[in-house]
Amino acid sequence: MTPYLFLLLGLAILLFGGKILVDGATSMAFKLGMSSGLIGLTVVAFGTSAPELLVSVNAALKGNSDISIGNVIGSNIANIALVLGLSGLFYPILINRNQLRFDYTLMIIVTILFYLLSLNEMITIWEGLILFGCFLGFNFYLFRNLGKGVIDENEMVEEELEEVKNYSWLISVALFFGGIIGLYAGSELLVENAVKISREFGVSERVIGVTIIAIGTSLPELITSIMAALSKRTDLALGNILGSNIMNILSIIGITAIIKPISVSPEFLASDYLWMLGFSLLLYPLMRTKMKISLFEGTILLLGYGLYIFFLL
């Protein structure tokens, strides 16, 4: 029973570490004069991806590449099918044409690039540099268009700023470094006990990576998207998912591969990559038909996720 408790403890520490890291860094960024939009694109976006990043890097360094890859592929599948599906059940998500033209198109291009780079069953340092270079280019585009009507100021970030902007420098720095320590400790517990559980049940690290770890590290996106749907900020719910999928591939796989090349098992290429591509492509007609994701579309996505888990297990 101990590995399960430690895995849950690791996940809780990981998510809490990510939260206080974002709070501390957001407070420091505000004190340095950054706008809410810029904080949202940098501090908050990176902070919510920090759990996935730490888990993937930690797993790669320990030689558990299936967890590194599975974490990202599973998170991207869960973001579309599970998170967006559930969000659509709470409140119809209206589709912005700019999101359809730019964010969705970029997500498809990045997903296909990820698949093509993986065909040789290895993400090398050079391929990691390509992905990370695209990540920098993507952020440069966002910075240039911030405040020009293309990228909006983030009201949710402004609400978070109200909570943390009065923190002292001492508290802000303590939260920031406490978050880093929490992320490291949580990722250690999560990866180590996920491997133990996979060996105990005789299931592959790939299955553990695309299910338990991927869903666990996607909780921030799930909570953010459902809260955005409930508050009727549906553009934020969709943007959160599309942006997260782009960032997961470009930054997490890119940085992890730069630190240590990631091997890709044939099982991923024969199954999980195709499911990830399939869900990404399915999203287009669901969004385009009525320019919204509501109860019907959300149900289709959730049923699709159920099928994926059924065939996986």
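Laboratory data are not the source of any read-out in this text; all were calculated from the coordinates shown. Treat the numbers as computed from the prediction; the structure is a model and nothing was measured. As a convention, Cβ positions derive from the backbone with ideal geometry for all residues, glycine included, and neighbour counts pool all protein chains shown.
Near ARG199, within a Cβ-to-Cβ distance under 12 Å, what is the net charge of the other residues, with Lys and Arg +1 and Asp and Glu -1? Can you show the working numbers first?
Values: positive: LYS196; negative: GLU192, GLU200, GLU205.
Taking every Cβ under 12 Å from that of ARG199, the sum is -2.
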Inset, instruction - Obtain the nm distance between the two label points defined at LYS292 and GLU200 by a simple spin-label model: each point lies 7 Å from its Cα along the Cα-to-C-beta direction. - result: 4.6
Legend entry - MET122 long-range amide H proximity, modeled H, under 5 Å: VAL264
Legend entry - Approximate spin-label separation LYS31-PHE177, in nm, with each point projected 7 Å along Cα-to-Cβ: 1.3
Legend entry - When each of LYS62/LYS260; LYS19/LYS62; LYS62/LYS196 is checked by Cα-Cα distance, pairs over 18 Å: LYS19/LYS62
Legend entry - the chain: most fluctuating residue of ASN193, ASN120, ASN64 per GNM, C-alpha cutoff 10 Å: ASN120
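With a ≥ b ≥ c the root eigenvalues of the C-alpha gyration tensor of the range 170-313, is it rounded (a/c under 1.5), prolate (a/b larger than b/c) or oblate? Could the numbers behind the result be given before it?
On the way: a/c = 1.84, a/b = 1.16, b/c = 1.59.
Judged from the Cα gyration tensor, the range 170-313 comes out oblate (a/c at least 1.5, b/c at or above a/b).
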Inset, instruction - Please give the contour-minus-distance gain from TYR184 to LEU136: 0.36 nm per residue of separation, less the Cα-Cα distance, rounded to one decimal in nm. - result: 14.8 nm
Inset, instruction - At 27 Å minimum axial length over the Cα atoms and a Kyte-Doolittle cut of 0.0, report the qualifying DSSP H helices in the chain, or say none. - result: 2-31, 125-145, 169-201, 273-290
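For the chain, what does the relative contact order come out to in percent, with C-alpha contacts under 8 Å and a separation of six or more? Don't skip to the answer; put the middle values down first.
Working: 471 pairs, mean separation 136.9, N = 313.
Averaging sequence separation for qualifying contacts and normalising by length gives 44 percent for the chain.
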Inset, instruction - Counting only GluC sites (Glu not before Pro) that are in a DSSP loop and have at most 16 other C-beta atoms within 10 Å, tell me the longest site-free stretch of the chain. - result: 154-313
Legend entry - Summed side-chain charge close to ASN248 - residues other than ASN248 whose Cβ falls under 15 Å, Lys, Arg +1, Asp, Glu -1: -4
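Label the range 235-313 by shape, choosing from rounded, prolate and oblate, from the square roots a ≥ b ≥ c of the eigenvalues of the Cα gyration tensor; if a/c is under 1.5 it is rounded, and otherwise prolate applies when a/b is larger than b/c, oblate when it is not.
Values: a/c = 2.88, a/b = 1.44, b/c = 2.00.
Since a/c reaches 1.5 but b/c is at least a/b, the shape of the range 235-313 is classed as oblate.
Would you kindly give the portion of the calculated P(r) for the range 2-312 that falls above 37 Å, as a percent of all Cα pairs? Numbers along the way, then the final one.
On the way: 4882 of 48205 pairs.
Roughly 10 percent, rounded to a whole number.
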Inset, instruction - Name the most mobile residue of VAL83, VAL55, VAL164, meaning the one with the largest mean-square fluctuation, in a Gaussian network model of the chain with Cα contacts below 10 Å. - result: VAL164
Legend entry - Distance (nanometres) between label positions extended 7 Å along Cα→Cβ at TYR4 and ILE259: 3.0
